[in-house]
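Each remark here refers to the structure printed beneath this line.
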């Protein structure tokens, strides 16, 4: 299986897939429970991937970068709602996938990234991961993805509880 590590020192363990894969528990405690399996399957595709949850940053919700040693690093703020965390994770994995497919020569939020992000996000929509109350807005977002999420869109994602 691909080497995937997820870290968060203050995570509470959810006894589900995180029990089967303890290295993923930091991220899984932040995701909607219904997204765990699909996220695990998605993350497991990639070798040398580290995902870290970090304290809130003012200017970014998440980040992807390829390190000099070929490792891939995704960071996601630890204060996001579950559905915002999921959309940010998908956004950052789209950067990883775009880098692996097209190399460094394409723009970070160019047509290649938009196409990859749309495909990944729609796969979660079609799997009924998102509640019906926000699925339509997420589909609209998937049709015309942007580099940043508007405050309005984040508000829609935050409006859903996972309880």
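The values are calculated or read from the model by the stated rules, or taken from the named source; none is laboratory data. Since we're looking at a predicted model, the values are computed, not measured. All Cβ positions, even for glycine, are placed from backbone atoms using ideal geometry, and neighbour counts span all protein chains on display.
Collect the residues in segment 33-71 that are in contact with a strand residue (DSSP E or B) (Cβ under 7 Å, 6 or more places away or on another chain), surrounded by fewer than 15 Cβ atoms within 10 Å (Cβ to Cβ) and not in a strand (DSSP E or B), keeping them in residue-number order.
56, 57, 67, 71
More than 22 Å from residue 144 (Cα to Cα), more than 16 Å from the chain's Cα centre (by Cα), in a loop (DSSP other than H, G, I, E, B) and modelled with pLDDT under 85 - does that describe any residue in segment 16-32?
yes
For segment 72-90, state whether one or more residues are more than 27 Å from residue 131 (Cβ to Cβ), surrounded by fewer than 16 Cβ atoms within 10 Å (Cβ to Cβ) and at pLDDT 90 or above.
no
Pick from 146, 99: which is over 17 Å from residue 32 (Cβ atoms) and at pLDDT 90 or above?
Going through 146, 99 in turn, the sole match is 99.
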